[in-house]
Amino acid sequence: MENRVLIVGGGLSGICLAHQLDDQNIDFLIIDTGQNESSAVAAGMINPMVFRKMKKTWRGDELIPYLKNFYPTVEKKVDQRFFFSRKLRRVFSTNDEKNYWKDRNEDPDFEQYILDENQPADTPEYVKNTIGNGFVQSPGYIDAPLFMESNHRYFKNQGHLSYENFDFFHFNPEKKTYKGQCFSHVIFAEGFRGKFNPFFGYLPLQQTKGEVLSITSQQLKTTEILNRKCFVLPLEQGGFKLGATFAWETTDTSPTVDARDELLNKYHQLADAPITVTGQEAGIRPTVTDRRPLIGEHPLHRHLFIFNGMGTKGYMIAPYFSDQLIQHLFNSKALDDEVNIKRFYKKHFPMD
């Protein structure tokens, strides 16, 4: 049969896969619940650094150049801008972090990410800058609601998106049929719901709740992201996002008072510019025990795949690895061992 791919899940992961298929003129259908508890709530910030020891984010040297081409290309396709430039001001937490920063600043391998430490005169008065701060060259952020709305509209208009709850009762994994339709490949990109998938539920996928606040301020700068223990992200449409919290093993997307208090407390340790809270949102991130995505074929069912576990840096990770998976499916490109679900076969799906 001709190639036709079923993507179960229309969040960030499913949308990235769909664009890879669309660009290669491979037919596909996305089935989505219409309730994206993570992709549409995420702040979408692209951070190339892990700050505690000033290391590059995992695979950042590959991920960032790829996404800097991917998102503008998608913007043109769907006729909506959602990728906005912002630099990131990191306020140091410890003297060790400050020393790491100085070391990285002198390392040519970090020159595209780390800038000189800022002098006090270059630091806004509202920043609680007891140790120091410096700028990271971040590509910026993805406006997650705009990304989801514009891409869903695009694929719906193209006839590639159906809103419904996927019913496993009507799915045949051997024939790869669903409600009478035949597919060459099926990819489950369900986000945190992947934990309940009867074929891939054995994988160590965790449900990590995150909450963010919407705030306004007359003093906070709108040209830079502020970061230490929390982030303050200025939005292109006005206002700011203040985030984010972590709560494990829950699917409750209700905003909580505890999370609000936690974020405000962290903000007041970072800055003293007056702010007003205008909203609060919660989402469930699909994360993995080893902090690497879950990508690959089911050990028993041919052409049945998972693309999940993008975690807290999904908007950085998903474009690059969606390309890798589609190249694997149709051009025999090997999957990266660090993301291939085969790494969990021995412990979680013994083949003997």
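Bear in mind that the values in this text are calculations on the coordinates, not laboratory data. Bear in mind the structure is a predicted one, so any value in this text is a computation, not a measurement. Heads up, the Cβs are rebuilt from the backbone with ideal geometry, glycines too, and the neighbour counts pull from every protein chain shown.
Using Cα centres only, tell me the gap between the stretch 72-121 and the stretch 225-286 in whole Å. The stretch 72-121 and the stretch 225-286 have Cα centres separated by 20 Å. Is the stretch 22-61 best put as rounded, prolate or oblate by its Cα gyration tensor, with a ≥ b ≥ c the root eigenvalues, rounded for a/c under 1.5, and otherwise prolate when a/b is larger than b/c, oblate when not? Oblate. Can you bin the stretch 96-255 into rounded, prolate or oblate? Criterion: square roots of the alpha carbon gyration tensor eigenvalues sorted a ≥ b ≥ c, rounded for a/c under 1.5, prolate for a/b above b/c, oblate for the rest. Here the stretch 96-255 falls in the prolate category. Taken as Cα centroids, the stretch 300-318 and the stretch 147-168 sit 18 Å apart, rounded to the nearest whole angstrom.
Simple point charges give the picture: +1 on the Cβ of Lys and Arg, -1 on the Cβ of Asp and Glu, and for the stretch 1-159 a dipole about the Cα centre of about 280 debye.
Ellipticity at 222 nm from helices only: DSSP H runs of n ≥ 4 in the chain, each -39500 (n - 2.57), divided by the residue count, give -8500 deg cm²/dmol.
Note the listed values (i) 71, 45, 39; (ii) 71, 41, 32; (iii) 66, 41, 38, then indicate which one is Cα extents along the principal axes in Å calculated from this particular structure. Comparing each candidate, only (iii) matches the computed number.
Across the stretch 235-242, computed HN-Hα scalar couplings (Karplus, 6.51 cos²θ - 1.76 cosθ + 1.60, θ = phi - 60°) run 8, 4, 7, x, x, 9, 10, 10 Hz from first to last residue, x flagging Gly and Pro. Can you give the longest stretch of the chain with no exposed loop site, where a site means GluC sites (Glu not before Pro) in a DSSP loop (not H, G, I, E or B) with at most 13 other C-beta atoms within 10 Å? Result, exposed sites excluded: 3-105. Look at the Cα gyration tensor of the stretch 60-139: its axes a ≥ b ≥ c give a/c of at least 1.5 with a/b at or below b/c, and that counts as oblate.
Relative to the longest principal axis of the Cα atoms of the chain, the long axis of helix 144-157 lies at roughly 30 degrees. Less than 5 angstrom separates the built amide H of S138 from those of L88, all sequence-distant by 5 or more or on a different chain. Under a Gaussian network description of the chain, with springs only between Cα atoms under 10 Å, the residue in F188, F171, F147 that fluctuates furthest is F171.
For the stretch 40-131, lysine pairs with C-alpha atoms less than 18 angstrom apart, excluding pairs fewer than eight positions apart on the same chain, total 13.
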